[in-house]
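Remarks on the structure that follows.
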Amino acid sequence: MSAGMGDSMRTRAITSTLTARLSPTVPSASQTYEPLVKSALRQRLIHNIFAFSVAFTLVVSILLGGEDETNTFARLVSPGTWTVACLKWSFGVLPVIAMRKVYLTSAATPATSPAKMLTNAIAKPSTRRCLAVYMSCTLMLITLYMSSFTSEERENLRLNVFVKSRKHPYYLNGRLLFLILAQLWLAASFLIRNIMLDRFVFRWTKPLNSSELPYAPSNLLKLLLTMALFTSFSLVVYGVVFGLSRMLVLPLLLKLPVVSSIVRPFVAHFARGTWTLTLPLLHWSLLVRSFTMGLVTLMSWEFAESLFDAYVPQPIKVGTLTADPNVTVVSGITTQDAVFAHFAYSELVELASDESSAGSARRTALFGDQKYSPSLWNVLARQSLLRLGQDYQTFLRRGAPVPPPVVIAPAIPKPKDPPSTPLIRKAIFKAPRQSPLGSMLDSVSSDSELSKAAEAVACEMEERASQMHIPELFRSVAPSSAAAPAANAVLPKPTSGIISSFIAQVESRSRDLVVSWCPDWLKESAMRWNKWFHRERLNKVVEVGLPNRELDALIIEALSHFVCASLSEDRYGVVQRDIPRIIEAFLSFLSAIEEYQIEVNAKYTPPTPDELSQGDAKILEEKEMMRLEVARAGDVLVVISDALKTGVANISRTFGDKLVAFKFPPRTARKLQSFVDYT
């Protein structure tokens, strides 16, 4: 019994609640913010982009589909029309939308000319994959188009795979080959157009009106006209390339030994026709059919791309869907993806400028946060200033990459010489006396001046002999010492250098031959096109220095509104500690932009009265082109400069004389004083 009482009376340690607990950090964007944004984007993709693109494909199939004489109403109620439209969208449009989603990026292409833009795009593996997707979709659409015909209709259209020939049953049908190659050419042209428009880059846009959406009547008409002109121009270029290939490339292939045996059974009959560039005009119905198929395909792709451009960049509000919206939105700006950062800062701008009581309560809670370490405001200010600082440094480098750090190797200390006994360089023992005859022989056999001169003469004679033309008979019996330099002299050059020089010579000869046969107007057009293709645009140079200008404008707007609201809503003064850093960052960025604006404006000089009186079209055209580029470059700089001026002006107007309590560097103080005096 006593033992049981001893067990029950055993003492236990009392747990204490006074232990130090670490405050949690703000959760990462991948845990709280990004899943919500991805869910919202998924809904837009399904309910807006997929739905409207399917409807557009169905309407086009009803209005322009069918080779029979059935009317539009009959095609509308026909199940076959709906089935074919769904198949066309699934195999011809859906892969294009998925490809656009996969390769969407926030980093603009750092190219200042069309040539650099095209070169950079070709170097990317994604461009080749996109080309494969476009061409695969085109082939699927051609297959669906051909499978919808009956055998009788296919005979009437003369679109069989092979021509009817008993002697040559494997000759390919030229009409079908022309049609397929035309559609593939249009697919490649559409990809080049997207590359030039830099369409795979995320473009931030403000909320659109109903009149600005792609399915508005005015936008549909603009889409039809644009794609009709683009298809017509592409087919004209394709006709010229097709004719030149038939006139120049095909005869060359038929003369190659191995290639000819492979290609001749299929295309030998093409070489016997009329060699002219106007041959496609003799098959007008085929041209019309190629134009119609290409126009329908490109319109479907362009409409889907326009839907993607319109709906994806629209602002997304996901903070109100969570229990703590401030934590969700602030965690969103910590993401490394600039696309998600756009959505997060757009929601912060709305919160900072909300004048309702609910908005004021949310800002007060954000400023007074004590649950997280660092606090919500510290995370917001630090991340925002860090992004602005990185873009500011990029602007100062004019878009150049960050130079690698210079590693200076530490100097190796020179080892100290160990103590040693000095050497005695004089003879210790007395040398035996030598006879006069022995001394003369030793001087002759040693490296005297006479022997050195003799060796130099011998080397010079060997070098001259190696440079002389010696018959092979004498070379074969020449001594090895003289044959060695000759063998080195006749060593062949590297094969790669010979091939590259040969290719360069062939290119120069071909270019000279083409230029000599071209007329003057064609030479002038080629020179103008080459200059346009390789000329750097000033506005593109400025865009390279400000790749994230829309995001920077959102950051500036959000910070300035929060600072203004903190005067009455920040109870603990956490924002006031960061006001000097924020104002200094704003004014430093603004000063750099204004200096660059002056430099850009100086590149344009208006035409003088003498130039206007002379009427030199070339000079006036160049000056007008420079004026337009300077204006476009100014529009790029205005995106950030206006946001900075507005932000600093609002802070100066809100705080007024209270800014005297803060300490600023002299340059920042002088710049800020101009805003205070103005407001």
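The values are calculated or read from the model by the stated rules, or taken from the named source; none is laboratory data. A quick note: this is a predicted structure, and the numbers were derived from the prediction, not measured. Note: ideal-geometry Cβ built from the backbone for every residue, glycine included; neighbour counts use all protein chains shown.
Some points to look at:
- Checking Lys618 against (1) loosely packed, with under 15 Cβ neighbours inside 10 Å; (2) free of Cβ contacts under 8 Å to residues at least 40 places away in the same chain; (3) within 30 Å of Val575 (Cβ to Cβ), the condition it does not meet: (3)
- Some residue of the range 524-539 being in a helix (DSSP H, G or I) and surrounded by 14 or more Cβ atoms within 10 Å (Cβ to Cβ): yes
- Residue identified as surrounded by 22 or more Cβ atoms within 10 Å (Cβ to Cβ) and on the phi < 0 side of the Ramachandran plot among Ser373, Ser357, Ser331: Ser331
- Count - residues of the range 332-365 that are over 14 Å from Leu559 (Cα atoms), in a helix (DSSP H, G or I) and of a type in the set (Val, Ile, Thr): 2
- Test: Arg667 is under 14 Å from Pro580 (Cα atoms), of a type in the set (Lys, Arg) and touching a residue at least 40 places away in the same chain (Cβ under 8 Å): yes
- Residue satisfying all of: in the range 637-679; within 17 Å of Leu567 (Cβ to Cβ) and of a type in the set (A, V, I, L, M); surrounded by the most Cβ atoms within 10 Å (Cβ to Cβ) among these: Ile651
- Considering the range 27-61, the residues that are of a type in the set (Ser, Thr, Tyr) and not in a helix (DSSP H, G or I) include one that is surrounded by the fewest Cβ atoms within 10 Å (Cβ to Cβ), namely Ser28.
- Note on the range 321-374: residues that are of a type in the set (Ser, Thr, Tyr) and under 33 Å from the mean Cα position of the chain (by Cα) amount to 6.
- Considering only residues in the range 172-195 that are polar (S, T, N, Q) and part of a helix (DSSP H, G or I), the one that is nearest to the chain's Cα centre (by Cα) turns out to be Asn194.
- Selected residue (criterion: modelled with the lowest pLDDT) from residues of the range 140-171 that are of a type outside the set (Gly, Ala, Ser), under 18 Å from Thr292 (Cβ atoms) and not in a helix (DSSP H, G or I): Phe149
Conditions tested, residue by residue: (1) in contact with a Cys (Cβ under 6 Å, 6 or more places away or on another chain); (2) polar (S, T, N, Q); (3) at pLDDT 95 or above.
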residue	(1), (2), (3)
Pro547	no, no, no
Glu550	no, no, no
Ile556	no, no, yes
Ser568	no, yes, no
Gln576	no, yes, no
Pro580	no, no, no
Phe589	no, no, yes
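- Pair list, Cβ under 6 Å, 6 or more apart: the range 29-42 residue in contact (Cβ under 8 Å) with a residue 60 or more places away in the chain and at positive phi, other residue of a type outside the set (D, E, K, R) and part of a helix (DSSP H, G or I): none
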